[in-house]
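One structure is given below, encoded as structure tokens.
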Amino acid sequence: MRYEIIGPLADRFDEVLTPEALAFLVALDSEFAARRVALLDTRRARRARYATGQLPDFLPETAHIRADPSWRVAPPAPGLVDRRVEITGPTDRKMTVNALNSGARVWLADFEDATAPTWHNVIGGQLNLIDALDRRIDFTDARGKRYALGDQVATIVVRPRGWHLVEKGIAVDGRPISASLVDFGLYLYHCARRQLDAGSGPYFYLPKLETHREARLWNDVFVFAQHYLGLPVGTIRATTLIETITAAFEMEEILYELREHSAGLNAGRWDYIFSVIKNFGQWPDFVLPDRSDVTMTVPFMRAYTELLVQTCHRRGAHAIGGMAAFIPSRDPAVNETALARVRADKQREADGGFDGSWVAHPGLVGVCREVFDATLDDRPHQLDRLRDDVQVTAADLLAVDKTPGQVTAVGVRSNVAVALRYVDAWLGGTGAVALWNLMEDAATAEIARCQVWQWLHHGTPLADGGCVTEDLVRSILAEELAALTEGRDDTARERAEAAARIFEDTALGEDLPAFFTTDAYARHLGPSHGARPQQG
Ligand SMILES: CC(=O)SCCNC(=O)CCNC(=O)[C@H](O)C(C)(C)COP(=O)(O)OP(=O)(O)OC[C@H]1O[C@@H](n2cnc3c(N)ncnc32)[C@H](O)[C@@H]1OP(=O)(O)O
Ligand SMILES: O=CC(=O)O
């Protein structure tokens, strides 16, 4: 097999894209590319079945795994015992230093929802991780502010991109390589030994899994990679995000598949809502109210998080809470509200048995820590809370029609504005932004555009009169685009117009595309094709 680096070799990229690291990626690709494609085919087939009215259920063929009380996942690895606060964020240089210094126990170094996968972000992010581990990431910015790693830094857990994405910057036998394998493989190749030498390990968050078969693929990747690099099996640890409705029916099986490598499950709430709309959006019982009404206390969200904690603790695995999207503001009144909401969210998670939770911003680490400190007392986690009281059925997981709330004109406009502005930022190379005091990333933007599609599809009535029509959405889009482009130069205006077209393609069509990122990446992002390829 032959590889080709299509992306330009910017300064120091050769330290990441070494012949040996690329040979490792080629080995991963030759072993797993076909299985990845086959699993993506089964995703499409499953969605097609749901379109005919079938609903998911707990699997009869794996009932023996759920019924067997004897198995457990591996005990927590060094650096992953106490996970009361985890900060997430992209891997640019400044955010890397700020996240590692934030006081959180764990930093989720994100190549997924918080990163627009430009070639620069993908390879530059890997370089920043290497530099952080070598403690040579210190720098001074243009304002003269100095960034330097402190003595106490967070444990790094890398989130590679999901199985649905490819990386155009590296081709194997002329086709783009799996983005998951690139992000996983480059980090493991360069940083596993560095992490082990530092007393930690190569740890991952696995995004957007839909089934335990996808977890098995990851597990097989881990076993293969560890053999290839001479690492003992079980060195790698991975926390799986339960952020699809189908994975919620297979949580036990996912832990089981990964049991030698599992570091628990995380309740990825935003992608979960996106997945519910994506899979069942065409059915009237699944029409959701305004995005702001779909809180963690609505019945179907509560059911999934309670089942997650119970499942994890039965198997000795950490249960990690999700992301409250409120972020600190310089306006004291807004800030007070944001902190109160985050506190309430974290308190609910701690009370429910979660062992720790996510924050999106360093200014929220303290709130999350205070809540979990008070709940955990002197324990590092609460794996002893088995939640035997929880009884969740398939019907509970699917009780979307019990979600209170309304669809309003404000809710429609907010979704259009958020999706447009987020995609515009993403095309510009930024994968997470603050919009109207909320953190927005790929997952939250997916909800925004899918809700618009769903409401249009059903001609949903608006609480304030009228209903959601294509004319209404197009007129809002035109207004929001005009507001966004005002005062911009030609390049920035063209980018916003491209974002508007992506919104039209992914929210206003007959069918609901599975991800806005796949098509947008294929058409807009990635390496410069004019660059001279390197071969090996
Ligand atoms: C659904 C999911 O998947 S959730 C997980 C994926 N999403 C994320 O990870 C989002 C993470 N959060 C972020 O990216 C950012 O907080 C944003 C974009 C939402 C807001 O960032 P900003 O607009 O820079 O916020 P703000 O100006 O308040 O930041 C203050 C400082 O904190 C830093 N900061 C903010 N968030 C983070 C973070 N998550 N990690 C590290 N540093 C951060 C900023 O870099 C800035 O540093 P500086 O003072 O040295 O310049
Ligand atoms: O990835 C996390 C989510 O909430 O979505």
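Okay, here's what the table says:
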{"quantity": "Selection status of ARG421, assigned to a helix (DSSP H, G or I), open to solvent by 50 Å² or more (accessible area, probe 1.4 Å), in contact (Cβ under 8 Å) with a residue 24 or more places away in the chain and of a type in the set (Lys, Arg)", "calculated": "yes"}
{"quantity": "Tally of residues being away from ligand 2 (no atom under 16 Å from the Cβ), open to solvent by 10 Å² or more (accessible area, probe 1.4 Å) and not β-branched (Val, Ile, Thr) across the stretch 436-476", "calculated": "19"}
{"quantity": "LEU386 outside any loop (DSSP other than H, G, I, E, B) and among the aliphatic types (A, V, I, L, M)", "calculated": "no"}
{"quantity": "Number of the exception - PHE274 against (1) under 21 Å from TYR50 (Cα atoms); (2) in a loop (DSSP other than H, G, I, E, B); (3) within 13 Å of ligand 2 (Cβ to nearest atom)", "calculated": "(2)"}
{"quantity": "Leading residue by the ranking (farthest from ligand 1 (Cβ to nearest atom)) among those in the stretch 102-111 that are closer than 25 Å to VAL367 by Cα and in contact with a helix residue (DSSP H, G or I) (Cβ under 7 Å, 6 or more places away or on another chain)", "calculated": "GLY103"}
{"quantity": "Only listed residue being farther than 26 Å from PRO117 by Cα, at pLDDT 95 or above, surrounded by fewer than 24 Cβ atoms within 10 Å (Cβ to Cβ) and assigned by the TED database to the domain that holds VAL26, chosen from ASP220, ASP197", "calculated": "ASP197"}
{"quantity": "Residue among LEU255, LEU288, LEU265 that is within 19 Å of ARG72 (Cβ to Cβ), open to solvent by less than 20 Å² (accessible area, probe 1.4 Å), touching a residue at least 24 places away in the same chain (Cβ under 8 Å) and not in a helix (DSSP H, G or I)", "calculated": "LEU265"}
{"quantity": "Selected residue (criterion: nearest to LEU462 (Cα to Cα)) from residues of the stretch 278-299 that are within 13 Å of ligand 2 (Cβ to nearest atom) and hydrophobic (A, V, I, L, M, F, W, C)", "calculated": "VAL294"}
{"quantity": "Tally of residues being part of a loop (DSSP other than H, G, I, E, B) and within 19 Å of GLY281 (Cα to Cα) across the stretch 41-67", "calculated": "6"}
{"quantity": "Those residues of the stretch 96-119 which are assigned to a helix (DSSP H, G or I) and more than 18 Å from ALA442 (Cα to Cα), in sequence order", "calculated": "THR96, VAL97, ASN98, ALA99, LEU100"}
{"quantity": "Of all residues making up the stretch 1-37, the number that are without any contact (Cβ under 8 Å) to a residue 12 or more places away in the chain and part of a helix (DSSP H, G or I)", "calculated": "3"}
{"quantity": "Residues of the stretch 76-101 that turn out to be within 10 Å of ligand 1 (Cβ to nearest atom), among the β-branched types (Val, Ile, Thr) and open to solvent by 20 Å² or more (accessible area, probe 1.4 Å), as a count", "calculated": "1"}
{"quantity": "Out of PRO404, PRO380, sole residue that is outside any helix (DSSP H, G or I), more than 16 Å from ligand 2 (Cβ to nearest atom) and more than 24 Å from THR297 (Cβ to Cβ)", "calculated": "PRO380"}
{"quantity": "Residue that is under 21 Å from THR240 (Cα atoms) and either in contact with a helix residue (DSSP H, G or I) (Cβ under 9 Å, 6 or more places away or on another chain) or free of Cβ contacts under 8 Å to residues at least 40 places away in the same chain (or both), where the choices are GLY150, GLY162", "calculated": "GLY162"}
{"quantity": "Among residues of the stretch 111-147, those that are open to solvent by 40 Å² or more (accessible area, probe 1.4 Å) and over 18 Å from THR430 (Cβ atoms), counted", "calculated": "11"}
{"quantity": "Candidate set from the stretch 315-369 (those that are free of Cβ contacts under 8 Å to residues at least 60 places away in the same chain and among the basic types (Lys, Arg)); member that is farthest from MET95 (Cα to Cα)", "calculated": "ARG348"}
{"quantity": "Residues located in the stretch 342-367, provided they are open to solvent by less than 10 Å² (accessible area, probe 1.4 Å) and either of a type in the set (Phe, Trp, Tyr) or away from ligand 1 (no atom under 14 Å from the Cβ) (or both)", "calculated": "LYS346, GLU349, ALA350, GLY353, PHE354, ASP355, GLY356"}
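Residues checked against (1) closer than 15 Å to ALA520 by Cβ; (2) not assigned by the TED database to the domain that holds PHE326; (3) not aliphatic (A, V, I, L, M):
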{"residue": "VAL433", "(1), (2), (3)": "no, yes, no"}
{"residue": "TRP436", "(1), (2), (3)": "no, yes, yes"}
{"residue": "MET439", "(1), (2), (3)": "no, yes, no"}
{"residue": "ALA445", "(1), (2), (3)": "yes, yes, no"}
{"residue": "HIS457", "(1), (2), (3)": "no, yes, yes"}
{"residue": "THR460", "(1), (2), (3)": "no, yes, yes"}
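The values are calculated or read from the model by the stated rules, or taken from the named source; none is laboratory data. Here the structure is a predicted model, which is why all the values come from computation and not from measurement. All Cβ positions, glycine included, derive from the backbone under ideal geometry; neighbour counts span all protein chains shown. Remember, those area values only see protein heavy atoms, side chains included, never the ligands or the DNA or RNA. Shrake-Rupley method; radii C 1.70, N 1.55, O 1.52, S 1.80 Å.
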